[in-house]
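Structure record follows, encoded as structure tokens.
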Amino acid sequence: MKTAPKSLSLGILSGIRRSLLDLGSATKVELSDKLGISFPTISKFLSQMEKDGEILSSGLDDSSGGRRAKRYTYNPDYMLGLAIFLEKTETNYAIFNCAGEVKEQGTVQSVLTDGGLNLLTGSIEKLLTDNKAIRSLAIGVPGSVKNGRIFYIPGYEQFQDFDIKGYFENLFSMPVVVENDMNAAVLGYHHSKGIKDHQSLVYLYSGHNGPGAGFMINGDVVRGNTFFAGEVSFVPQYDDRNFREALENGFCHKEVLIFRDNQVDAISRLVASITAIINPHTFIFCKDEVEETLVEKIAAASSKYIPAEHLPGLAISDWKQDYLYGLQSLGLALMLDSPEKYIRE
């Protein structure tokens, strides 16, 4: 391949990957037209990608009077991604291909409370050793993250102010993305449900670490000025209590199912407050924490604080699955934009 600027070559490569995955298959002419790239350049890239096994030939098109065009598909297993998220009781992971298919999924011992960084490193190292095609790592954490550094993760001081992205990129020489758990969950819900990009979503979950929320406005995840958006525990609700204190009201915060009247009132106040500020389309709850009858109570209680016609739709979803979907989408983006050996300086 003729020498080309790395940024240009990477842009072409990424465009070919995304186009083949979106279209299912394409010819050189179709890719050239779609990407606005010359036929000879497309041909050179496809030749090398086919040689490396990244793309596959799916046969020849019917002849229209001239030479039959060769059709290509992307090999979704050429690159794999690893999504892993840290919770108080366990560490969950999923290995997925470029088509979003999960190849392996499981849990390992909690690294937040038991093994710390050494256990996390060892667990990732083993997965990478067993799966040589893994090319990206997406990590989810129950804390606030800025540029890959965890700057707020109460209760897990060993990870406080830790540049987890930089650490693993240097250690494993692969692209890494680190995301807050609720940001990943709202992103995963958006992608898995096929939500239109102009819609705004709010995802609320308490889990083992107290309440947090993920915000998406017009299809974009909102992280805020200091990447602290979503820390709804601090939202003041009563004279002497913030949202977390009102939700717990003297009880252990990890009662899996929300059911008490004071909890309904606290949540309805939060729904009303967020509605008045960003007016979202949908407010999402975790299926492990609420039942349909409770959602109806929250909707009725919220209408005491704000006109019912302005309230968002209230939905229930699988938080763990949404979380993994979100991390997978982040990891997939890293893979599709990653350089390969045939991108030359």
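The values are calculated or read from the model by the stated rules, or taken from the named source; none is laboratory data. Because the structure is a prediction, the values reported are computed rather than measured. Heads up, the Cβs are rebuilt from the backbone with ideal geometry, glycines too, and the neighbour counts pull from every protein chain shown. Keep in mind that these areas ignore ligands, DNA and RNA; they rest on the heavy atoms of the full protein, side chains included. Shrake-Rupley method; radii C 1.70, N 1.55, O 1.52, S 1.80 Å.
In debye to the nearest 20, how big a dipole does region 1-154 give about its Cα centre with +1 on each Lys and Arg Cβ and -1 on each Asp and Glu Cβ?
Values: 19 positive and 16 negative charges, 148 e Å.
Once rounded to the nearest 20, the dipole reads 720 debye.
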How do PHE283, PHE162, PHE234 rank by accessible surface area computed with a 1.4 Å probe, from largest to smallest? PHE234, PHE162, PHE283
Surface accessible to a 1.4 Å probe, CYS98 within the full protein complex, Å²: 10
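Give me the Kirkwood hydrodynamic radius of the chain, using the inverse of the mean 1/r over all pairs of distinct Cα atoms, in Å to one decimal.
Working: mean 1/r = 0.0452 Å⁻¹.
Over the chain, the inverse of the mean reciprocal pair distance is 22.1 Å.
As a test, work out the antiparallel percent of DSSP beta bridges whose residues both lie in the chain, rounded to the nearest 5.
60
Counting Lys and Arg as +1 and Asp and Glu as -1, what is the net charge of the other residues whose Cβ lies under 10 Å from the Cβ of ALA69?
Working: positive: LYS28, ARG67, ARG68, LYS70, ARG71; negative: GLU30, ASP61, ASP62.
Charge balance near ALA69 sits at +2.
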Hey, what's the chain come to in accessible area per residue, 1.4 Å probe, Å²? 46
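What is the magnitude of the charge dipole of region 80-182 about its Cα centre, with +1 placed on the Cβ of each Lys and Arg, -1 on the Cβ of each Asp and Glu, and no other charges, expressed in debye to the nearest 20? Mind dumping the intermediate values first?
Working: 8 positive and 13 negative charges, 52 e Å.
So the magnitude is around 260 debye.
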Ordering THR107, THR27 by how much accessible area each has at a 1.4 Å probe, largest first, what is the list? THR107, THR27
Taking the Cα centre of region 180-241 as origin, sum charge times position over the Cβ atoms of Lys and Arg (+1) and Asp and Glu (-1), and report the length of that vector in debye to the nearest 20. 220
Residue among LEU31, ILE278, ILE164 farthest towards the positive dipole end of the chain, charges placed on Cβ: LEU31
One finds, for GLU50 and LYS196 with R0 = 45 angstrom and r their Cβ-Cβ distance, a FRET efficiency to the nearest 0.05 of 0.80
If DNA, RNA and ligands are ignored and the probe is 1.4 Å, what is the ranking of LEU294, LEU35 by accessible area, most exposed first? LEU35, LEU294
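Once the other residues with Cβ under 11 Å from the Cβ of VAL235 are scored (Lys, Arg +1; Asp, Glu -1), what is the net sum? Please list the in-between numbers first.
On the way: positive: ARG241, ARG244, ARG269; negative: GLU231, GLU245.
Charge balance in the 11 Å sphere: +1.
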Rounded to the nearest 500, the 222 nm mean residue ellipticity computed for the chain from DSSP H runs (n ≥ 4, each -39500 (n - 2.57)) alone is -12000 deg cm²/dmol
Once ligands and nucleic acids are excluded and a 1.4 Å probe is used, how much of VAL102 is accessible, expressed in Å² to the nearest 10? 60
For region 195-218 and region 21-70, what is the centre-to-centre distance using only Cα atoms, to the nearest Å? 40
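Cβ under 11 Å from SER19's Cβ, SER19 left aside: what net charge do those residues give with Lys, Arg +1 and Asp, Glu -1? Walk me through the numbers on the way to the answer.
Details: positive: ARG17, ARG18, LYS34; negative: ASP22, GLU30, ASP33.
Net charge around SER19: 0.
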